[in-house]
């Protein structure tokens, strides 16, 4: 029994699903096809390739978030609804 068949049977057993022999054969063929597609990709030498964190060269334009002292009265005035030391917000749940 080859590694693909053995691995497929172990996976089917591990996830405890019922797979007919016809379905198992179809899965085997699809897995073989995928591995044939994957083989050339695995042969590419990537030893000299650096890490790719992003697929573009964009720079983050968000401003930094720094703690600062705020005037409580000014914050309360900016709030749409403030009472008793609390910011009042609309209900989101009944």
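The numbers here are math on the coordinates, done by the rules we state, and not lab data. Since the structure is predicted, the reported quantities are computational estimates derived from the model, not experimental observations. Ideal geometry is used to build each Cβ from the backbone, glycine not excepted, and the neighbour counts take in all protein chains shown.
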Checklist entry - Label point 7 Å out from residue 70 along Cα-to-Cβ: which residues of the range 80-94 have amide N under 16 Å? => result 80-83, 85-89
Checklist outcome for this item: Fewest-first ordering of 8, 42 by Cβ atoms within 10 Å yields 42, 8
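Can you give the translational diffusion coefficient of the range 3-42 in µm²/s, computed by Stokes-Einstein from the Kirkwood radius over Cα pairs at 25 °C and 0.890 mPa s? Can you show the working numbers first?
Numbers: Rh = 10.8 Å.
The calculation lands on 227 µm²/s.
Give me 43, 25 sorted ascending by neighbouring Cβ count inside 10 Å, so fewest comes first. Before the final figure, lay out each step's value.
Values: 43 7, 25 13.
Going from sparsest to densest Cβ surroundings: 43, 25.
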Checklist outcome for this item: Taking Cα atoms, the helix 3-15 axis meets the longest principal axis of the chain at an angle in degrees (rounded to 10) of 50
Checklist entry - With no solvent and one point on each alpha carbon, what is the Debye value of log10 I(q)/I(0) for the range 26-71 at q = 0.21, 0.22, 0.23, 0.33 Å⁻¹? => result -0.89, -0.91, -0.93, -1.12
Checklist entry - What's the angle, to the nearest 10 degrees (0 to 90), between helix 21-42's Cα axis and the longest principal axis of the chain? => result 70
Checklist outcome for this item: Taking 0.36 nm per residue of separation between residue 33 and residue 61 and subtracting their Cα-Cα distance, the length gained on full extension comes to 5.7 nm
Checklist outcome for this item: note: the chain, Cα-Cα separations exceeding 16 Å make up a percent value of 79
